[in-house]
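S.K.: A single structure is presented below for examination.
The values are calculated or read from the model by the stated rules, or taken from the named source; none is laboratory data. Bear in mind the structure is a predicted one, so any value in this text is a computation, not a measurement. Here the Cβ positions follow ideal geometry from the backbone for every residue, glycine too, while neighbour counts run over all protein chains shown. Side chains are part of the model used for accessible areas, which takes the heavy atoms of the whole protein and leaves out ligands, DNA and RNA. Shrake-Rupley method; radii C 1.70, N 1.55, O 1.52, S 1.80 Å.
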Amino acid sequence: MLKNVQINRDNEFMQEAINQAIAGNTGFGCLIAENDAVVVKAFNTVKTDLDPTAHAEINAIRKLAKIPDYRNKKFTIYTSGEPCPMCMAAIMYAGISRVVFGLSIPEISNFIKQISISSTEIVEKGFREIEIAGGILHEDCLNLFQTIYHDKR
């Protein structure tokens with residue numbers, strides 16, 4: 001029963017990450033949650049901010065860092081696409097304990113350029129254990145990317 005609760009929570013929060021991406025008219029949306037509560041939401045603002053580091057995950061971590069004592073809590077980040085190496089390193093440094101994503105880096109590469117280093121590789125070479133779950137709401141995330149990037153191939 002507990003596993004079903006986790007699956008339902010993952011699906012619900014991933015849908016909200018997708019909603020964030022849609023709100024930002026980008027393929028990348030995310031949220032950070034603690035247990036059953038959404039703590040922060042964000043989407044990619046690279047183009048609107050003219051900031052190459054303004055990925056959805058980085059924007060969410062910047063919001064999270066403003067919360068007092070955030071480092072003493074266990075957070076999960078939900079993101080429509082697997083975090084790139086920059087984002088995964090930031091996730092590690094922020095102390096986030098779990099990553100849930102929709103599309104993998106190789107799948108995202110079908111739509112836009114990506115550095116082909118997986119989140120798992122970053123964690124294996126890093127200094128903190130982070131649980132990673134991929135492929136959550138995969139078809140919905142794939143549809144998102146196909147819709148957003150259909151003219152950009």
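S.K.: Quick one: in region 70-103, of everything that is in contact with an Asp or Glu (Cβ under 8 Å, 6 or more places away or on another chain) and open to solvent by 30 Å² or more (accessible area, probe 1.4 Å), which residue is farthest from N8 (Cα to Cα)?
M.R.: The qualifying residue farthest from N8 (Cα to Cα) is K73.
S.K.: Would you check if I115 is closer than 19 Å to A54 by Cα and either open to solvent by 30 Å² or more (accessible area, probe 1.4 Å) or free of Cβ contacts under 8 Å to residues at least 40 places away in the same chain (or both)?
M.R.: yes
S.K.: Could you please find all residues in region 41-62 being open to solvent by 60 Å² or more (accessible area, probe 1.4 Å) and part of a helix (DSSP H, G or I)?
M.R.: Listed by number, the residues that qualify are K47, T48, D49, R62.
S.K.: Out of V99, V39, report the one residue that is farther than 17 Å from H138 by Cα and modelled with pLDDT of 95 or more.
M.R.: Being farther than 17 Å from H138 by Cα and modelled with pLDDT of 95 or more holds for just one of V99, V39, which is V39.
S.K.: Moving on. Just the residues that are of a type outside the set (G, A, S), part of a strand (DSSP E or B) and open to solvent by 10 Å² or more (accessible area, probe 1.4 Å), please, taken from region 13-40.
M.R.: E34, V38, V39, V40
S.K.: Something else about it: Out of all the residues in region 58-73, is one or more at pLDDT 95 or above and of a type in the set (F, W, Y)?
M.R.: No: region 58-73 contains no residue that is at pLDDT 95 or above and of a type in the set (F, W, Y).
S.K.: Return the residue satisfying two criteria in turn: it lies in region 1-12 and is farther than 17 Å from S97 by Cβ and of a type in the set (D, E, K, R), and of such residues it is least open to solvent (accessible area, probe 1.4 Å).
M.R.: Out of the qualifying residues, it is E12.
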